[in-house]
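Structure first, commentary second.
The values are calculated or read from the model by the stated rules, or taken from the named source; none is laboratory data. Quantities reported herein were computed from a predicted structural model and do not represent experimental measurements. For neighbour counting, all protein chains shown are included, and Cβ atoms are generated from backbone atoms with ideal geometry for every residue, glycine included. Side chains included, ligands, DNA and RNA excluded: accessible areas come from the protein's heavy atoms. Shrake-Rupley method; radii C 1.70, N 1.55, O 1.52, S 1.80 Å.
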Amino acid sequence: MSKSKPLPPLERLRYRLALRSDGVLIWKRPISSRVKAGMEAGRWNKGYRYVNVERGAFAVHRIVWALANGQDPAPFEIDHINGRPEDNRPSNLRLCNRQQNVLNTRVRTDNTSGAKGVSYDPSSISRPWRSYYKGHKLGRFGTREEAIDALVKAVEQSGESDYYRFHFPQ
């Protein structure tokens, strides 16, 4: 599970911040003279928005989840269902464990097969495509499509297809 620090009490968050339906946090009672009531709360850092409140910096998506659901998400992580960290609408956020959160990541830019968990190995002429799921080999295959089919089947059997990002190029 995530090792993020606990959020401040909900009463304190609700005292300082308001949640709009589009997932944007607005200052009700700012903690700085540079910030005015009604302004959007937080700053961008490493792809996510963070807000300083109650002597700490907290990810906006964790605060949005807490305000929308009435509880601190810890010890779980928050997954952005559509994979876009700037979209903090409550309907786009869900609780998950670390492994499920990693399943919903995008295909890396250096991925040559275009599919997470599928790779090409030119050393094998007859079965050059390999498929992996959660570190386990699913086998070697003659075509990329066969390797993807094996991956899809493994994900569906695991019951985590809601978390796995299936976006395979044609």
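A few points about this structure:
- Taken over region 5-29, the residue count meeting the criterion of being in a loop (DSSP other than H, G, I, E, B), open to solvent by 40 Å² or more (accessible area, probe 1.4 Å) and either farther than 17 Å from PRO73 by Cα or touching a residue at least 24 places away in the same chain (Cβ under 8 Å) (or both) is 7.
- Yes/no for ARG55 being in contact (Cβ under 8 Å) with a residue 12 or more places away in the chain and either aromatic (Phe, Trp, Tyr) or open to solvent by 20 Å² or more (accessible area, probe 1.4 Å) (or both): no
- The residue that is nearest to ASP79 (Cα to Cα), among those in region 113-170 that are assigned to a helix (DSSP H, G or I), open to solvent by 30 Å² or more (accessible area, probe 1.4 Å) and not acidic (Asp, Glu), is SER158.
- Residues satisfying the stated conditions in region 95-110, i.e. among the basic types (Lys, Arg) and farther than 21 Å from TRP44 by Cα: ARG98, ARG108
- Criterion applied to ARG140, ARG94, ARG106 was being modelled with pLDDT under 85 and basic (Lys, Arg), and the one residue passing it is ARG106.
- Note on region 60-99: residues that are open to solvent by 40 Å² or more (accessible area, probe 1.4 Å) and in a helix (DSSP H, G or I) amount to 6.
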